[in-house]
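Q: Pasting a structure below so you can have a look.
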Amino acid sequence: MNITVCIKQVPDPNQPYKLSGTRLDREAVQPVLDPGDEFGVEAGLKLAEAHGGEVTVLSMGPAKAMEAMRRALSMGAHKGILVSDEALAGADAQATAQVLAAAIKRNPFDLVIAGTESADGSTGAVPAMIAELLGVPQATFAKQLEVKEGTLTIHRQTQEGYDVVECALPAVLTVTSGVNEPRYPTFKGIMQAKNKPVEQLSAADLGLSVAASQQVAAVNPAPARGQGEIFEDDGTGAARIADFLKNAKVI
Amino acid sequence: MNSYENEARRSAPLVGERGERRTRGGRNLVGFPAVSTPTRNRADALDFLGVDALLSEEERMIRDTVRRFVRERVLPDAGGWFERGEFPRELVPELGKLGLLGMHIDGYGCAGASAVAYGLACMELEAGDTGVRSFVSVQGSLAMYSILRWGSEEHKREWLPPMAAGERIGCFGLTEPDSGSDPGSMRTTAKTSGGDWILDGTKMWITNGGIADVAVVWARAEDGIRGFLVPAGTPGFSARDIHGKMSLRASVTSELVFDGCRVPRDMMLPEARGLRGPLCCLDEARYGIAWGAAGAGRACYEAALAYAKERTQFGKPIASFQLTQRKLVEMLLATNRAALLALHVGRMKDEGRLAPEQVSLAKLANVRDALEVARSARSVLGANGISLEYPVIRHMNNLESVFTYEGTNEIHTLIIGQAITGLSAFQ
């Protein structure tokens with residue numbers, strides 16, 4: 001099985017973010033491999049271990065994203081592709097998907113795995129766009145997955161429980177944080193990571209000239225939660241709470 | 001070198017898709033620093049001298065991996081293990097999987113990492129708990145290293161791979177009830193009998209003793225001190241765990257008794273003869289301890305700093321009082337010096353130019369400083385300083401063991417004294 005796992009280097013989501021205009025200031029906060037991507041890497045490694053084949057990690061980002069790539073390689077991925085190009089700075093979801101799809105298409109693939117959304121941009125749109133551009137089905141929000149005889153079966157997480165979704169390979173798969181428990185990189189893996197092949201490509205290498213079609217007009221903090229309503233319980237408290245919940249359409 | 005506490009304070013709960021919390025093994029998942037590069041020219045309270053920048057990317061990745069392992073698998077339970085006097089045996093295969101056991105040994109299933117990488121791992125482990133670091137030191141630097149250095153090819157092939165994987169546990173029997181700093185006075189004997197060896201004697205304060213699958217035992221033979229591999233269950237060999245310890249409580253410490261214990265001839269380590277056999281293994285372990293103590297000290301400093309900034313008395317944080325600031329700064333001096341010293345001897349070791357007396361200096365200085373830091377941190381935390389809710393009293397008590405084992409403070413002083421004067425005060 002040829003598996004490509006899309007990964008992203010993001011500012012450590014556990015530290016307060018800083019803005020530079022309407023964009024994240026990526027210099028201000030320590031960059032890390034998106035914690036959500038570790039589940040994708042783990043899913044790819046598990047499938048390759050069970051079915052044979054190779055895991056390629058794919059990322060688009062500045063040269064510094066090589067560190068996140070090496071983290072994924074130290075977990076056990078076999079090789080990497082890093083698309084790095086000044087012209088791609090500020091790419092939106094569609095431009096990103098075009099680049100990643102073009103990079104994936106260069107080689108035969110059975111499965112493309114991604115997290116459900118990045119910890120920084122959080123659009124959650126890129127995997128679906130990749131599937132569209134590649135012309136393959138997508139199976140998303142997997143909290144459990146199985147590949148058998150060219151068919152991918154997942155439990156797709158929903159509000160109420162899960163749906164069982166099936167599709168033929170090749171396909172695009174997104175995994176939630178419930179899908180597995182990512183392994184720690186081993187010391188041997190860490191020491192081997194720097195010798196694993198990482199192909200570095202520019203947009204031109206992919207025959208692309210893409211530009212963001214969306215611009216972020218403004219960034220505003222989420223409104224602070226307003227004051228709650230305080231009832232003095234004069235014996236009608238329960239009824240008033242029920243009315244309140246009814247008005248809020250909770251019950 | 002960022003702290004656990006600092007990261008814990010900064011971290012907002014990570015929320016995954018549809019609002020569920022991202023967890024690993026039921027614990028919060030915290031971002032993995034791809035690399036920790038300083039981004040500004042201002043001293044960081046947690047890595048004041050920027051020691052981080054002296055590490056290679058690979059060294060930082062190994063350090064970050066152990067740090068994360070400690071944060072997720074050691075720190076949440078360390079207080080409980082200490083209170084219950086319980087060694088977390090379930091961690092052993094995980095330590096093996098990461099590559100922590102015999103990690104600076106090349107081949108035989110070991111990671112083959114550098115001395116600096118091994119040291120960084122010891123530092124992070126001991127910032128978690130000295131008991132866990134002690135397990136790794138005894139398994140890797142004492143038991144496995146003895147077999148690597150002095151064992152036959154068969155010994156190495158049989159024992160090192162399962163020990164590296166954490167499937168087999170080793171211990172190292174040198175100290176006796178009446179023979180501590182003066183190992184040459186050991187009374188355990190090895191006599192030949194019908195092609196076998198017969199071991200008689202008692203070993204004391206043996207880390208991992210009661211859980212070991214194999215003991216490396218040093219005994220007096222006709223031609224000098226010899227080392228033997230004695231598998232658990234060998235008739236005449238028994239281990240009794242020592243209870244009532246107020247230190248190193250998350251660690252098994254045992255007495256080993258050999259009563260007419262018969263071991264086949266080929267279980268003797270062929271290449272070791274004389275005290276140099278065990279002593280060169282001790283040098284390996286002491287090296288790791290110099291790093292480990294720096295980790296324990298750092299953990300205490302970070303706990304004290306965080307506490308002092310949050311604890312309010314007389315209407316302001318106690319960190320704003322001059323007496324507290326002085327304590328914090330003294331701790332900072334000691335912990336940064338310790339990290340630099342550990343890294344310096346680590347680089348020397350990787351270059352193959354580290355002398356035993358230099359290891360003594362690093363062990364003596366870093367353990368003594370860490371103990372001072374722990375005691376000072378204990379006072380900053382006030383009454384909370386004696387509670388296992390905080391890591392400080394645990395480190396403080398553990399460091400009392402580290403102060404004494406693997407060469408007491410006094411013996412290391414005399415080793416250095418002999419090195420600079422050419423005069424031995426103890427031989």
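The values are calculated or read from the model by the stated rules, or taken from the named source; none is laboratory data. No experiment lies behind these values; they were computed from the predicted model shown. Ideal geometry is used to build each Cβ from the backbone, glycine not excepted, and the neighbour counts take in all protein chains shown.
Q: Could you check the range B:168-189 and list, in sequence order, the residues that are outside any loop (DSSP other than H, G, I, E, B) and touching a residue at least 60 places away in the same chain (Cβ under 8 Å)?
A: B:171, B:172, B:173, B:183, B:184
For every residue, the table says whether it meets (1) within 12 Å of chain B (Cβ to nearest Cβ); (2) part of a helix (DSSP H, G or I); (3) surrounded by fewer than 24 Cβ atoms within 10 Å (Cβ to Cβ).
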| residue | (1), (2), (3) |
| --- | --- |
| A:29 | yes, no, yes |
| A:39 | yes, yes, no |
| A:50 | no, yes, yes |
| A:57 | no, no, no |
| A:77 | no, no, no |
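Q: Mind telling me which of the residues B:384, B:336 ends up being surrounded by 19 or more Cβ atoms within 10 Å (Cβ to Cβ), closer than 30 Å to residue B:321 by Cβ and not hydroxyl-bearing (Ser, Thr, Tyr)?
A: The unique qualifying residue is B:336.
Q: Suppose we filter A:112, A:126, A:83, A:99 for residues that are buried (at least 21 other Cβ atoms within 10 Å of the Cβ), closer than 19 Å to residue A:210 by Cβ and out of contact with any strand residue (DSSP E or B) (no Cβ under 6 Å at 6 or more places or on another chain); which single one remains?
A: A:126 is the lone residue from the list that is buried (at least 21 other Cβ atoms within 10 Å of the Cβ), closer than 19 Å to residue A:210 by Cβ and out of contact with any strand residue (DSSP E or B) (no Cβ under 6 Å at 6 or more places or on another chain).
Q: Please go through the range B:369-398 and give me each residue that is farther than 18 Å from residue B:330 by Cα and part of a helix (DSSP H, G or I), ordered by number.
A: Listed by number, the residues that qualify are B:383, B:384, B:386, B:393, B:394, B:397, B:398.
Q: Which residues, taken from the range A:151-164, are away from chain B (no Cβ under 14 Å) and out of contact with any Pro (no Cβ under 9 Å at 6 or more places or on another chain)?
A: Within the range A:151-164, A:151, A:153, A:164 qualify.
Q: Let me ask another. Just give me the residues in the range A:52-107 being farther than 14 Å from residue A:199 by Cα, among the small types (Gly, Ala, Ser) and within 16 Å of the chain's Cα centre (by Cα), in sequence order.
A: A:68, A:72, A:91, A:93, A:95, A:97, A:101
Q: Which pairs turn up if I take residues in the range A:156-168 that are more than 24 Å from residue A:109 (Cα to Cα) and look for partners that are hydrophobic (A, V, I, L, M, F, W, C) and part of a strand (DSSP E or B) with beta carbon separation below 7 Å, at least 6 apart in sequence or on another chain?
A: A:157/A:141
Q: What single numbered condition from (1) buried (at least 24 other Cβ atoms within 10 Å of the Cβ); (2) more than 29 Å from residue B:393 (Cβ to Cβ) fails to hold for residue B:128?
A: Evaluating residue B:128 over (1) buried (at least 24 other Cβ atoms within 10 Å of the Cβ); (2) more than 29 Å from residue B:393 (Cβ to Cβ) leaves (2) as the failure.
Q: Take the residues in the range A:59-75 that are touching a Gly at 6+ places or on another chain (Cβ under 9 Å) and in a helix (DSSP H, G or I), then tell me which one is surrounded by the fewest Cβ atoms within 10 Å (Cβ to Cβ).
A: Residue satisfying both the conditions and the ranking: A:66.
Q: Identify all residues within the range A:187-246 that are within 30 Å of residue A:75 (Cβ to Cβ) and among the β-branched types (Val, Ile, Thr); write none if there are none.
A: A:190, A:198, A:210
Q: Does residue B:330 qualify as being surrounded by fewer than 20 Cβ atoms within 10 Å (Cβ to Cβ) and touching a residue at least 40 places away in the same chain (Cβ under 8 Å)?
A: Taking the combined requirement at face value, the residue satisfies it.
Q: Hey, does the range B:193-211 have a residue that's small (Gly, Ala, Ser), touching a strand residue (DSSP E or B) at 6+ places or on another chain (Cβ under 8 Å), surrounded by 23 or more Cβ atoms within 10 Å (Cβ to Cβ) and closer than 29 Å to residue B:114 by Cα?
A: Yes, the range B:193-211 has at least one match.
Q: Considering each residue of the range B:399-424, count those that are polar (S, T, N, Q), part of a helix (DSSP H, G or I) and more than 25 Å from the chain's Cα centre (by Cα), and give that number.
A: Count: 2.
Q: Residues of the range A:1-24 being without any contact (Cβ under 8 Å) to a residue 40 or more places away in the chain and within 10 Å of chain B (Cβ to nearest Cβ), which ones?
A: Listed by number, the residues that qualify are A:12, A:14, A:15, A:16.
Q: Anything in the range B:101-115 that is over 16 Å from residue B:132 (Cβ atoms) and either within 11 Å of chain A (Cβ to nearest Cβ) or surrounded by 24 or more Cβ atoms within 10 Å (Cβ to Cβ) (or both)? List them, or say none.
A: B:104, B:105, B:109, B:110, B:111, B:112, B:113, B:114
Q: OK, next. Could you pull out every one of the helices (runs of 4 or more DSSP H) wholly within the range B:33-115 that has 3 or more residues that are more than 21 Å from residue A:11 (Cβ to Cβ), touching a residue at least 60 places away in the same chain (Cβ under 8 Å) and in contact with a Lys or Arg (Cβ under 8 Å, 6 or more places away or on another chain)?
A: In the range B:33-115, B:75-84 are the helices (runs of 4 or more DSSP H) which contain 3 or more residues that are more than 21 Å from residue A:11 (Cβ to Cβ), touching a residue at least 60 places away in the same chain (Cβ under 8 Å) and in contact with a Lys or Arg (Cβ under 8 Å, 6 or more places away or on another chain).
Q: Can I ask one more? Read through the list (1) in contact with a Leu (Cβ under 9 Å, 6 or more places away or on another chain); (2) within 12 Å of another protein chain (Cβ to nearest Cβ); (3) over 25 Å from residue B:335 (Cα atoms), then give the number of the only condition that residue B:98 fails.
A: Of the numbered conditions (1) in contact with a Leu (Cβ under 9 Å, 6 or more places away or on another chain); (2) within 12 Å of another protein chain (Cβ to nearest Cβ); (3) over 25 Å from residue B:335 (Cα atoms), the odd one out for residue B:98 is (1).
Q: What strands (runs of 3 or more DSSP E) completely inside the range A:118-216 contain at least 3 residues that are charged (D, E, K, R)?
A: So the answer is A:138-148.
Q: Give me a count of the residues in the range B:52-95 that are surrounded by 15 or more Cβ atoms within 10 Å (Cβ to Cβ), more than 14 Å from chain A (Cβ to nearest Cβ) and of a type in the set (A, V, I, L, M, F, W, C).
A: Looking only at that region, the number is 6.
Q: Evaluate the following for residue A:174: is it within 12 Å of the chain's Cα centre (by Cα), closer than 19 Å to residue A:93 by Cβ, within 11 Å of chain B (Cβ to nearest Cβ) and surrounded by fewer than 23 Cβ atoms within 10 Å (Cβ to Cβ)?
A: For residue A:174, the condition - within 12 Å of the chain's Cα centre (by Cα), closer than 19 Å to residue A:93 by Cβ, within 11 Å of chain B (Cβ to nearest Cβ) and surrounded by fewer than 23 Cβ atoms within 10 Å (Cβ to Cβ) - is not met.
Q: Here is a further query. Yes or no: residue B:227 within 21 Å of residue B:161 (Cα to Cα), buried (at least 21 other Cβ atoms within 10 Å of the Cβ) and not assigned by TED's automatic domain parsing to the domain that holds residue B:136?
A: Yes; evaluated as a whole, the condition is true for this residue.
Q: Return the pair list, or none, for Cβ contacts closer than 8 Å from residues in the range A:112-126 that are within 11 Å of chain B (Cβ to nearest Cβ) and polar (S, T, N, Q) to residues that are buried (at least 19 other Cβ atoms within 10 Å of the Cβ) and part of a loop (DSSP other than H, G, I, E, B), at least 6 apart or on different chains.
A: Short answer, once both residue conditions are applied: A:116/A:36; A:116/A:176; A:116/B:16.
Q: Just a yes or no: is a residue in the range B:231-247 closer than 30 Å to residue B:374 by Cα, free of Cβ contacts under 8 Å to residues at least 60 places away in the same chain and surrounded by fewer than 14 Cβ atoms within 10 Å (Cβ to Cβ)?
A: The answer is yes; a qualifying residue exists.
Q: Would you point out the residue of the range A:180-218, among those that are over 13 Å from residue A:103 (Cα atoms) and surrounded by fewer than 11 Cβ atoms within 10 Å (Cβ to Cβ), that is nearest to the other protein chains (Cβ to nearest Cβ)?
A: Checked the range A:180-218; the qualifying residue nearest to the other protein chains (Cβ to nearest Cβ) is A:195.
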